[in-house]
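Computed from the coordinates by the stated procedures, all read-outs in this text should not be read as laboratory data. The structure displayed is predicted, hence computed values, not measured ones. Glycine also receives a Cβ, built like all others from the backbone with ideal geometry; neighbour counts cover every protein chain displayed.
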Amino acid sequence: MKRLWWFSAFFLLYELTVYLTNDMIMPGMPRVMAEFGGPSRYIGLSLSLYILGGCTLQIFLGPLADRIGKRRVMLGGAAFFLLATALVPLAGSSPQFLAIRFFQGMGSCFIFIGYAAIHELFDDTRAVKLTTLMGNTTVFAPLIGPVAGSAVISVFDWRAVFVTAFVLGAVAWAGLFRTMPTGGGKPLAAGEKSLAASYRAIFTNRTFMLGILVAGLAITPLTAWIGLSPAILLQHGGASYGTYIAWQCAIFVGFVLSTFAIQRMGGELPLGRLLRQGGLLALVGLGGAGFAAGQPQLFIACMFVFSAGFGLFNGALIRIALTATGQSMSLTSAAMSLLYCLYIALGLELYNAICERFGYTLQAYALCGVPVALAVCAGLFYIARGHDARLRATVAVPA
């Protein structure tokens, strides 16, 4: 068990490095585009391409992980990420920079392998608590990234960000090499010979499809803020790095606090209740932010509430979606990662297009979140009702 926890820790470092690589460079993106002569929309496009890179391999990696083992796939993917990270500083133009960022984003393709292993190795409560804690990497990165990135680019060239990421990734790879369970691959069972049939069962599962859609919609406003806030605050708003960092910390710390609250819950986690409570917070926060953009302090407070709600329901939502299909966890996680990245990338580009149309104003960003808030809350309540009904049916069967 001790080795499993060490594996989880090094996997957490790898996931953090993948996200941190992006968030550290975001405050430096105006400087990158100034050096290469790229337009403002390339700032958001850089993140979109990074995310799209993260959804290119999952359909193939799931079966590959089942056949040759998760360890080999995970280590190979981490090595690929290190190679791409080493190439980014060599870019000589904005198209080259964007292209390499796409391939670097493929490093996130392999994150689902670690999550699949955790869901297989731990029970419901431990898995939700652990994955919720690990989900904080998506929040710690926007908290730590701007601070660390601003510090690095204020002293060194922006390329030093990727040197730092390479060092962190190398440590994570070495740790995974030493601690990740072997779990050698095996031929697929007779009932699983047809990958098409397995994926068809996954993609036609209503709970899974709706769950991942809601999860993708829910995280899109936070991802869009990460990608567009440099243009909104720094480039067009004239804010200082200090103001930019303060806004990031105030918004994303809500996620951290709600995650810590989940860790303190004892016994079996009430997944349906987490969905409902988190959904209401998300509706109040994101919906309120849409009408409070003219008052920055109120906007930040509302976004704090939204991120807290997201942290409350995200781990439970992913758990319900992943366990709904009854298929291989590797294949299900692969399908989840593919759809998740696609939804986020499409949503980010829609945000980017709207914000570009209205001059990257805070109001344009904020109003985009109102319909998202309504859709997310409605989806969470629907999924919670179905989950509770299945639990009641399961309890009634033995009786």
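Things to note:
- Where only C-alpha atoms are counted, convex hull volume of the chain per residue in Å³: 133
- Of Ser240, Ser198, the sequence from fewest to most neighbouring Cβ atoms within 10 angstrom is Ser240, Ser198.
- Highest-fluctuation residue, Phe177, Phe255, Phe313 considered, GNM on the chain with Cα pairs under 10 Å: Phe177
- Trypsin sites (Lys or Arg not before Pro), loop per DSSP, at most 13 other Cβ atoms within 10 Å - longest free stretch of the chain: 1-192
- With pairing defined as another cysteine C-beta under 4.7 Å, the cysteines of the chain that fail it are Cys109, Cys249, Cys302, Cys355, Cys368, Cys377.
- Based on DSSP H segments of at least four residues, each scored -39500 (n - 2.57), the chain has a per-residue ellipticity at 222 nm of -27000 deg cm²/dmol.
- Placed amide H near Gly69: partners under 5 Å, 5+ positions off or other chain: Gly185, Lys186
- Legend: ranking of residues Val161, Val370 from fewest to most surrounding C-beta atoms inside 10 Å; resulting order Val370, Val161.
- In terms of other Cβ atoms within 10 Å, Tyr42, Tyr382, Tyr351 run from fewest to most in the order Tyr382, Tyr42, Tyr351.
- Relative contact order, percent, the chain [alpha-carbon distance under 8 Å, six or more residues apart]: 26
- Under a 5 Å amide H cut-off, with hydrogens placed 1.01 Å from N, Asp157 pairs with nothing among residues at least 5 apart or on other chains.
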